[in-house]
Structure formats: structure tokens, C-alpha cells
Amino acid sequence: MIGLFKVKEKQREQAQNASRGGGASVKKQSAAELRLHKDISELNLPSSCTISFPNGKDDLMNFEVSIKPDDGYYHNGTFLFTFQVSPVYPHEAPKVKCKTKVYHPNIDLEGNVCLNILREDWKPVLNINTVIYGLFHLFTEPNSEDPLNHDAAQVLRDNPKLFETNVRRAMTGGYVGQTFFPRCI
């Protein structure tokens, strides 16, 4: 019990010193921040993926991932995703949005992403690395069976050559149907 009082007293002393400018203030990290810090430090990304922190390294809960597929329909495109991590992470999946407008069966025009591990198949044993690999996989193997963009999914199913043409047109900056896609190549 005496040890506990000494620890509390030392913490109080450190807080007072920090408030007087006598030392650096140490912000206590939440369990979600600790887990996220571990996840990020253990990232094993493909060379075509990068992570950045637009709000600085102090805001781990919001970051961006850039994916540049090196194979498939989306070869050489650059796609930016934002991640917002919940304070209850890893018990809740991160919120992921695609900031790049893309013609894709699993990403709608508002940037919502249809990836099972971001919804019903999320489990706390999964991590940020798993999500990034899942997103990367959407570009190498788009899934027409679980679409958000039903038109793109139908074209992929019925006419893969036309789908490829539409993807190229969208990525180089052009219209697919009535929708304009800014250049992302």
C-alpha cells in the first residue's frame, strides 16, 4: 500500500512540474492508441503502399494510406484512403474512405468501401496491416459479387474487356457514362 502512495505522489509531482514548465508533459495513451501504435510499428506493407499522418505523428487515430497497384486493372493508378480509428479499437473496425474517385465495383462514388473485414467479419485479432492488404487486394482482384457500384460490377461480370476500358478511361481522367473521374495515373 505504501508503494501505491509513493507512485501517486510521484505522478502528482510530475504533473505539477509539467504545469510549471519544469518538465515535459506525458499524455496518457488510451488502450486503442497503444494497440494502434503497436499495429503501425509492425506494419509490413507492400512497396506500392505508403502511410502518412497529415495531422502529425501525435494524431495516430487519423491517417492516410496511398495504394499504387502494380498489377491488374488498376495498374499504376494512385488511390488515397483515409482511416479514422475509433477510441474502442480494436473492438471496432477503423472507418475507411477512398478519397480518390474511382470506377470500381467495391468502392462507390462517395468513397465508401465494401470490404468484409471492415464490416461483419471484423474481429479484434485483425489489424491495420490486414485492412491495408484487403484494400490492396480489391485493386488486384475486384469482386463483382459484393458490389457497392452495381454498374461497374455488372460490366465486370458481363464484359471484362469493356470494364478494363472503363477503368483506363476513368484513371486517365475522363467520363464513364455520365460520371467524370479525375486523373489518378
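The values are calculated or read from the model by the stated rules, or taken from the named source; none is laboratory data. Source: prediction; values computed, not measured. Here the Cβ is made from the backbone with ideal geometry for all residues, glycine too, and neighbour counts use every protein chain on show. All accessible areas refer to the heavy atoms of the entire protein, side chains included, with ligands and DNA or RNA removed. Shrake-Rupley method; radii C 1.70, N 1.55, O 1.52, S 1.80 Å.
By how many degrees, 0 to 90 and rounded to 10, does the Cα axis of helix 160-171 deviate from the longest principal axis of the chain? With both axes taken from Cα atoms, the answer is about 60 degrees.
Treating r as the C-beta distance of residue 143 and residue 40 and R0 as 30 Å, the FRET efficiency rounds to 0.65. Think of the chain as having a plus end and a minus end, set by charges on the Cβ of Lys, Arg, Asp and Glu; of 55, 89, 128, 55 sits farthest toward the positive end of this dipole. The ellipsoid that matches the Cα gyration tensor of the chain has semi-axes, each √(5λ) in whole angstrom, of 43, 17, 13, with the longest given first.
Of the Cα atoms belonging to the stretch 129-173, the radius of gyration and Dmax stand at 11.5, 33 Å.
Less than 5 angstrom separates the built amide H of residue 176 from those of 181, all sequence-distant by 5 or more or on a different chain. With helices as the sole contributors, the chain gives -10500 deg cm²/dmol at 222 nm; each DSSP H run of n ≥ 4 counts as -39500 (n - 2.57), and the sum is divided by every residue. Residues whose amide H comes within less than 5 Å of that of residue 104, counting only those at least five positions distant or on another chain, are absent (H built at 1.01 Å from N in the peptide plane).
Here the stretch 131-173 is treated with +1 on each Lys and Arg Cβ and -1 on each Asp and Glu Cβ, and its dipole about the Cα centre works out to around 240 debye. Note on residue 92 and residue 151: their simple-model spin labels are 3.3 nm apart, each label 7 Å out from Cα toward Cβ. What the phi angles of the stretch 68-84 give under the Karplus curve with 6.51, -1.76 and 1.60, with θ = phi - 60°, is a coupling list of 10, x, 9, 7, x, 4, 9, 3, 6, x, 10, 10, 9, 10, 9, 10, 10 Hz, glycine and proline written as x.
Note on the stretch 59-157: with charges restricted to the Cβ of Lys and Arg (+1) and Asp and Glu (-1), its dipole about the Cα centre is near 180 debye.
On full extension, the segment bounded by residue 70 and residue 123 gains 16.2 nm, given 0.36 nm per residue less the C-alpha separation. Of the residues 181, 100, 144, the one whose Cα sits farthest toward the positive end of the charge dipole of the stretch 39-185, with +1 on the Cβ of Lys and Arg and -1 on the Cβ of Asp and Glu, is 181.
Pop out the carbon and sulfur fraction of the accessible area of the stretch 85-185 as a percent, whole number, probe 1.4 Å. Of the solvent-accessible surface of the stretch 85-185, carbon and sulfur hold 51 percent. Give, as ranges by residue number, the residues of the stretch 136-156 whose backbone N falls under 13 Å from the point 7 Å along Cα→Cβ of residue 179. So the set is 147-156. Across the stretch 88-111, the residues whose backbone nitrogen lies under 19 Å from the label position 7 Å along the beta-carbon direction of residue 31 are 88-95.
The count of lysine pairs in the chain whose Cα atoms are under 24 Å apart, excluding pairs fewer than 8 places apart on the same chain, comes to 27.
Hey, what angle do you get for helix 128-140 against the long axis of the chain, alpha-carbon based, 0 to 90 degrees rounded to 10? Tilt of helix 128-140: around 10 degrees.
Largest accessible area first, the residues 171, 61 order themselves as 61, 171 under a 1.4 Å probe with ligands, DNA and RNA left out. Per residue, the accessible area of the chain comes to 59 Å², computed with a 1.4 Å probe over protein heavy atoms only.
How big is the dipole moment of the stretch 104-185 about its Cα centre under a simple scheme where the beta carbon of each Lys and Arg is +1, that of each Asp and Glu is -1, and everything else is neutral? Debye, nearest 20, please.
Values: 7 positive and 10 negative charges, 68 e Å.
Value, rounded to 20: 320 debye.
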